[in-house]
Structures are given as C-alpha cells and as structure tokens.
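These notes are about the structure you will find just below.
Throughout, read-outs are computed from the coordinates displayed, never taken from laboratory work. Note that the coordinates shown come from a computational prediction; the quantities given were computed from them, not determined experimentally. Note that each Cβ is placed from the backbone with ideal geometry, even for glycine, and that neighbours are counted across all protein chains shown.
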C-alpha cells in the first residue's frame, strides 16, 4: 500500500526482515524555560506601585524586585493592535490589526484578525514541543465570528493554543462574563453569591492547566498567555477589596500626580530632567470641583484601585503555585499593560461605560444616587479623565492617543535563572513587538519561513535579551512608528514627532509636535517651531515606515466602524432575518441581530399552558439591555435604559396553546414607539422618549436571560417553561444616508471627547 507518512525504515514481508523508524518528536532543548506573559488592560505607566503610584501591587512589586523594570517600554494605543504585536513579534498594521478586532475595513491593515502569514508565538512554540495555554481576553477574532457557529480558525485554539479559557470580546462583566472554554461557550462555575469573580477563575483554570501538564509531562515546558479583563472597564472587585480602599485617595488627583511623580524621580523611573505634564484639557483642578463630582470621582478611583489590587493578588497566587511546583526559577515572566489609562470614562466618570458610546453625559449629581453600587455587580463603571491622567503620570493624554500617555507603559521581566542583575532598571527604548523575538532568543527558536503553507512575513521586533544583564548597553531599537485613528507618531534615536489628529481634518493639515525624549520624557517642551527641518525629517520618516509596515491607508473612522459588519460583505446584513431555534448558546453581541439604534420586529412562535412563563429573548445585563418575556400570563417588554426601566405589558393574557407573540420597535430621530403583538394583534403600546444605539457588550440569549437579569421583574435566568419553536428578528432597513449621518455624528462626538 502507499505510505503517506515519510517513513525512513525498511518494510519487509515480516518483522524480522524489516527495520522500524520512529519520527523525531520535537522537544525544546534541555533547560528551555517556561514562558508566561501577563497582560493587564488599560493600565497607565504609573499604576504599579513599583512604577510610582501608592496603589497596592505587592506581588508585581516582588516580581520587579526579583527581576527588571523597563522604564522606556511602549505599546500601541489600543488593545487589539497591542495583542496582535505582542503575540506575533510584528507591527500591528502589517498583521491586519490596525484597530480593534470588531472592525474589518476591507483593507489588509484592518481585517479584524491576525494574518496567517504571521504565526503567533503559540503556533511557533507548539511546533517546538511547548504546551501552550491562553486565558482571559482574546479580542483577536472578527467578532461576528465569535459565536458557537464559528468559524474557529481565529479563536485561540486555531492560533496555536492547546487550551483556552476566557472571553473573546474586548470587555466583559467580571461577575457575569461570557465564558469560552476551548472552542465552546460555558456557564459560570459558580454564582456571584458564591464568590465568583473572573480574575480568580482565570488563575484557577490556568493553574489547573499547568498542574495537569507538569503532573504527567514534567519534561515539557509551557507557554502561558494570561490576559486579564482587569483593569478595563467595568471596574469591579470583591467587596472586601472595595472597602479597603475607602478614603485612600481623598486628597484628589492633583495631589496623587504630584506624589507619584516625586516617587518616580526617587526610584529613578524617569530621568531627572523629566517634568510633570500639565493637566489635559477637560481635567479641572481637584479643589475646584463641586462636592458631588469629587465624591463620584473618588469612589470610581477606589473601584479601580481595588480591581488592580485584586488582580495583583491573583498574580501572587500564580507565582506562589509556580514556586510550590518548583517551576518559578526557570519561568520567564513578562508583566505589562496593553495601552495607557483609558479616557473612556469622560470628564466625570460613568456608572455605565456604554453611556460613553451613546453620547450620554451623566452628571455627577445623577450618578451619586447609586454611588454604593460602584465596583460591584450593579455597575459598569469607569473613572474620569483626571484619575486616568494620574495613572499615566508623568505623561499627557491617554489610551487611543500616540502621545506617551497612550503608548508608554510599565514592563516587568522576571527570570531567576536568566537574570542576575535583579531589582534593576532598564532604560533602553523598546516596543511591544520586541517580546516575541526575546522569547525566541531565550528559547533558542528560529521562526519558520513557512507555517502551515503560509509564507511568513519577517519578525520585525528586536529582542531585548541583550539588556537582561547589562544596564548600560545602548538600545538596539532605534526607530518605531505609531498610529491610531489618524493619531500618529515616529520615534528615532531619542527624538519623537507626534500629532493628535482631529477627525475630518486633512492629514496634511495635522500639527506635528517635536520632542527630545532623552531630556523631555513627558513631552512638555515642543521644539517644532524652533526646529522645522527636524520636524520635516521625522514626518518624512513616518511616511517611509508607514509604507514599509502596511499602515496605509490612513483611516480616522472610529466607533462608526462597528456598523461595518452590517455591510454587504459581512454575515450580518441589516436586511436579513435572524431565526433562532432554542435551546442555543448565548449569542455574542457582534454575532446577534443588530437592533441597537434601529427599528426591528421580533416574533416568537410558542406553545404554552396557562402556567408557562419565562423569557423569550433578552440581550444585555442588569445595567442595560432589553427583555421580552411572559409573566403572569402577560406579554412584557422591559427596555432597561442604563437602569431606567421602560416597561410595556399586554392588556390581555397570552393565549394557551400555539401563538405568535412579539414586539414591533420603531425608532425616530431621538425616540421610539413600541407595540406588543399577539397573533399580529396589538395588545399594548409604549412610547420611548430615548433609545440606545449601543446597549451592552454582553450578547443575547433565547428562552432565558443568561447572566445578570436585564429586568427587575425576575431575579434569575427565568427560563421559559413552555416551548419555543423559534424566535424571528427582522431588522428594518433604514435610510442608509440618514443612518450614516447619525452614526458619523456619534463617532465625531465621541472622538472629539478623546
């Protein structure tokens, strides 16, 4: 018979006449280290205690004291691009991740997933014999493909990981996350009342993976990518951590920035010449704030600090178990952030971050009415600009911007067997795509030229292993571009040119700033006017690098791109019918019917007895969303507008037997009208004075309300006890030009606040 295996032995008529051959099984070299990347979300340069703050991060601090702190380390201004660069060793644009993976613009720099021409470090290390585990936030899959229908080729298991446990979207509720285990969605292992929190769950599962491996194959090293949902909004932590931080920050953000800046100087984290950047526009002096604004801002900062400390405690658990297993000494650990502190809480902070994406400015006077909910399961909070800039001390601007506040983050590297100069600082300039080359350097791996039939683009990062035991050596990274939604920057041998782009302004009209970062780390002294030739040289270099690394075309569209999946090239056209046949898994937001801000019809084909009640369709959480359900024989529609419930109830019972019940939702410019239908007869109406364009980052469920309940009319999943044949949702096509004008206005308004 023909052999499809490359057999190098001899096949005779009998075993005596034959020579066996065993193919070589790839195994890393003896002593190859385990590798762990710990990624924290939306965390500023100063937020770790060992980088200047007075927040509590004792376990990260211990890793720093036993390893190195890199003080001149940079990322992209946004989460998905940083993750793409972090896991591939290439620049984000060249691998197809210019912005977040929710977008696919039709250009090769923004496909919403990582090109197969750029193998991930997990794919490469697995081929070399490593076990590979991913935990936490992924956000590298086209989000319309994140449902149980797949495709799964860009899920973690499709990109080189043996095991995965976490969530696929950009954020999730820490008490009620949308969990994925390997390639399938799973329910929570326990309830909030039983003490559930996602960060603890991730470390539990990660340790489970590691113990399984080391118990059976102690010779096999592992690569673990642990990407916490923390400290991205919603800022949520167990009550004991929230209580601990009460009153800790009452002096306000100006005092905190001054104190943290002083500590950074004392630690040597920043050069002596560094100045504290002035307050960003929109950040008011703390002492000038009204009482309620201060009360709200303090409680929001306390929630962030509690969230960070709780995350640090989980890192401590991980490290302690590695030590117990005898693995810590030969485990190379990286701890870093994916971008600077977030500006998405606006000038006051928000009880619910989705308000940011709906152009809703919630006043502090309104928000403080629910102040005790902040940090717990009943809020989706994010802190205000003032505290975000404090986290970015000493820099200006934030996440999304290409100034240092958006791209300059802390990096801790810990490896007892490989780093002898422990507790030291490293000031060499480096960037996120340098982590993978460092791993390859340390492990002794040469990335392949072809992987699974795909020719591989060169690894563009620079290993920083040369600096592990040499503090004084010059940086080997000399040039790096930055770009996000038109914001641009270029670094070259200590110089930086940067521009903060305004949407709609011609790129040639952008005003470029020039800084000598060797003497001005915080970008306080703009030299552009005094050195126009240097500016021209740097801008020209930016265009060279942009051409080289697939940055073009420039695109300053932001949240309006969330609608791109509804175009003719996606699977979710607005004119299609969505028919759901329960029981089915919860449907992620980007893969479900896009009813936010649109007109739509819902029809549920049901059979029930007189006692059958329950949810027919729900999307969102207790913080925002909508639910259609039957209760006490009445059809009910609950539109949860960020905790303000608008409820319509049928004026007659839902009939026993087979029927079609539904909701007709028609939006106008600023309001909407609702009709409840039973067998196409109107049985209830309601006028909505306002509606949500983006309801929630948590998706839809059919036949029950998964996660925290949208409606206050029930307290659990409220499964429908009758039979649902199917639920049909038709999204009504709108005036596309008018709709686009509204969406563009939303995008401009949000970006103008950035």
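Please compute the alpha carbon radius of gyration of segment 1-140, then divide it by the globular-protein estimate 2.2 N^0.38 Å. Two decimals is fine. Provide the component values of the computation, followed by the final result.
On the way: Rg = 22.6 Å, N = 140, 2.2 N^0.38 = 14.4 Å.
Its radius of gyration relative to the 2.2 N^0.38 Å reference: 1.57.
The slack between residue 660 and residue 712, meaning 0.36 nm per residue of separation minus the straight C-alpha distance, is 16.3 nm. Normalised by the number of residues in segment 34-477, the average gap of Cα pairs under 8 Å and 6 or more apart makes the relative contact order 29 percent. On the basis of the beta-carbon distance and an R0 of 35 Å, residue 554 and residue 288 show a calculated FRET efficiency of 0.35.
Scaling the Cα radius of gyration of segment 34-477 by the globular reference 2.2 N^0.38 Å produces a ratio of 0.93.
For the chain, the relative contact order comes to 16 percent (Cα pairs under 8 Å, sequence separation of at least 6).
Restricting to Cα pairs below 8 Å that are 6+ residues apart, what does the relative contact order work out to for segment 575-733? Please round to a whole percent. The value is 39 percent. Here the chain carries DSSP beta bridges of which approximately 75% are antiparallel, counting only pairs with both residues inside. Can you classify segment 575-733 as rounded, prolate or oblate using the Cα gyration tensor, where a ≥ b ≥ c are the square roots of its eigenvalues, rounded means a/c under 1.5, and otherwise it's prolate if a/b beats b/c and oblate if not? Here segment 575-733 falls in the rounded category.
Pull out the extension gain between residue 454 and residue 250, defined as 0.36 nm times the separation in residues minus the alpha carbon to alpha carbon distance; nm, one decimal. Walk me through the numbers before you get to the answer.
Values: separation 204, 0.36 × 204 = 73.44 nm, distance 5.58 nm.
67.9 nm is the gain from fully extending residue 454 to residue 250.
Computed across segment 480-548, the Kirkwood radius stands at 12.1 Å (inverse of mean 1/r, all Cα pairs). Note on segment 1-67: Kirkwood radius taken over Cα pairs, Stokes-Einstein applied at 37 °C and 0.692 mPa s, translational D equal to 184 µm² s⁻¹. Sketch the reach of a paramagnetic label on residue 273 as a point 7 Å from Cα along Cα-to-Cβ, and name the residues of segment 470-497 whose backbone nitrogen lies under 12 Å away. Backbone N within reach: 494-495.
For segment 188-257, the mean projected area of the C-alpha convex hull, equal to one quarter of the hull surface, is 7.6 nm². How many percent of all Cα-Cα pairs in segment 362-427 sit more than 20 Å apart? Summing the P(r) of segment 362-427 above 20 Å gives 57 percent of all pairs.
Go ahead and collect, in residue order, the members of segment 454-491 whose backbone nitrogen is under 17 Å from a label point 7 Å along the Cα-Cβ direction of residue 540. From segment 454-491, the list is 490-491.
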